[in-house]
Amino acid sequence: MKFEKVSLVYFSPTQTTQKTLRAIASAFDGAVQEYDITTSRDIAVPAFGAGDLVLVGVPVYGGRIPAIIETFIQSLKGEGAVAVAVGVYGNRHYDDAMLELADCLKADGFRLAGAGAFVAEHSFGTEVATGRPDAEDLAKAKQFGQQLFTKLDAAADLSAIAEPEIPGNRPYKERNTAANTAAPKTTDACIQCGVCVAACPVGIIDAEDPSKITDVSKCQRCFSCVKKCPVQAKFFDAEGVLKAMNFLKTNFSARREPELFL
Ligand SMILES: Cc1cc2nc3c(=O)[nH]c(=O)nc-3n(C[C@H](O)[C@H](O)[C@H](O)COP(=O)(O)O)c2cc1C
Ligand code: SF4
Ligand code: SF4
């Protein structure tokens, strides 16, 4: 099967999922169309269908797909299009997120052709999987794209596309549903540039005063505002977040490698 276009659909607050998906798509020589749902899940995504190839990328949050994009992912229309599930996680583990994403895409009517669990710098700081995806990760992502496109080229039709086995358990790991009380703080270095206001996936940073969070309970602790601030004025000092960072650094610093399912 030959595809003239590949569509990328992704949620990526600190942009490692976006980088990984783009590296996979760089192996493709046709057109690439992007649907970035990081700051809005109200964007118009067409109903896909036969002849479409869609790479769906999500970061792993608590071993699951992020709760705020679950409904959006469930509302995608596959209708016989081919999909590839891409999960990006911060060097601890993806737990049930890959299986959950694959299940969602199949329920949406996609034919699942492959999946990849890739590793990137943990959102909660710069000390776990620092700087990843690095050159080696991006080369592996491109190689995955090449293997995937070779597999699809060789298939005569949808029924000839073998579906990969994806690791994980059902029921999926339980989400932490406790009300969020941690939100970023802002130092006097803030230059009121508005970058964090535009970057927040849930729109809770006050445009008039970016040091104010309008609804702490909605904060996803995604670190988009922290990592995108040009003067490093945003930070978290909540005990739970600091403890999590230390726990990850102590227990999950050994380098993990991407896992590919084709
Ligand atoms: C709320 C939250 C929960 C996370 N949970 C996990 C996890 O369960 N396992 C893991 O290895 N990384 C976890 N991470 C790290 C992210 O999956 C990882 O940093 C990813 O690269 C972020 O993607 P992005 O750059 O596209 O935002 C978590 C990050 C956040 C913000
Ligand atoms: S305020 Fe919370 S949800 Fe918004 S960008 Fe910052 S960490 Fe993410
Ligand atoms: S991105 Fe940083 S400098 Fe810009 S408004 Fe937000 S906190 Fe202030």
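The values are calculated or read from the model by the stated rules, or taken from the named source; none is laboratory data. If you're wondering where the values come from, they're calculated on a predicted model, not measured in any experiment. A quick note on method: Cβ atoms are made from the backbone with ideal geometry, for glycine too, and the neighbour counts reach across all protein chains shown. We work out accessible area using only protein heavy atoms, side chains counted, and drop any ligands, DNA or RNA first. Shrake-Rupley method; radii C 1.70, N 1.55, O 1.52, S 1.80 Å.
Structure notes:
- DSSP loop GluC sites (Glu not before Pro) with at most 13 other Cβ within 10 Å: longest gap in the chain: 5-78
- DSSP beta bridges confined to the chain are antiparallel in about 20 percent of cases.
- The orientation-averaged shadow of the Cα convex hull for the range 43-126, equal to a quarter of the hull surface, comes to 5.5 nm².
- Restricting the range 47-97 to trypsin sites (Lys or Arg not before Pro) that sit in a DSSP loop and have at most 16 other Cβ atoms within 10 Å of their own Cβ leaves Lys77.
- Compactness of the range 213-262 is given as radius of gyration and Dmax, 14.9, 44 Å, from Cα positions.
- The range 5-171 has equivalent-ellipsoid semi-axes of 23, 18, 15 Å, by the square roots of 5 times the alpha carbon gyration tensor eigenvalues, sorted largest first.
- Solitary cysteines of the chain, where the nearest other Cys Cβ is not under 4.7 Å: Cys104, Cys190, Cys193, Cys200, Cys219, Cys222, Cys229
- Applying a DSSP loop filter and a limit of 15 other Cβ atoms within 10 Å to the trypsin sites (Lys or Arg not before Pro) in the range 195-262 leaves Lys212, Arg255.
- Dipole magnitude of the chain, debye to nearest 20 (Cβ charges: Lys/Arg +1, Asp/Glu -1, about Cα centre): 400 debye
- Among the trypsin sites (Lys or Arg not before Pro) within the range 98-163, not one is in coil by DSSP while having at most 12 neighbouring Cβ atoms inside 10 Å.
- Cβ-based net charge around Lys212, under 14 Å, with every Lys or Arg adding one and every Asp or Glu removing one: -1
- Degrees, to the nearest 10: 16-25 long Cα axis against longest axis of the chain: 20 degrees
- Interchain or long-range residues, amide H under 5 Å from Leu8's placed H: Gln33, Glu34, Tyr35, Leu55
- Residue among Val231, Gly114, Gly194 farthest towards the positive dipole end of the chain, charges placed on Cβ: Val231
- Altogether, the Stokes-Einstein calculation at 25 °C and 0.890 mPa s, with the Kirkwood radius of the range 185-237 over Cα pairs as Rh, returns a diffusion coefficient of 227 µm²/s.
- Here the chain has 50 percent of its accessible surface on carbon and sulfur atoms, given a 1.4 Å probe and all protein chains in place.
- Solvent-accessible area of Leu242, all protein chains in place: 70 Å² (probe radius 1.4 Å, heavy atoms, ligands and nucleic acids excluded).
- Mean residue ellipticity (222 nm) of the chain, computed from DSSP H runs ≥ 4 via -39,500 (n - 2.57), nearest 500: -8000 deg cm²/dmol
- Relative contact order, whole percent, for the chain stands at 21, derived from Cα pairs under 8 Å and 6 or more residues apart.
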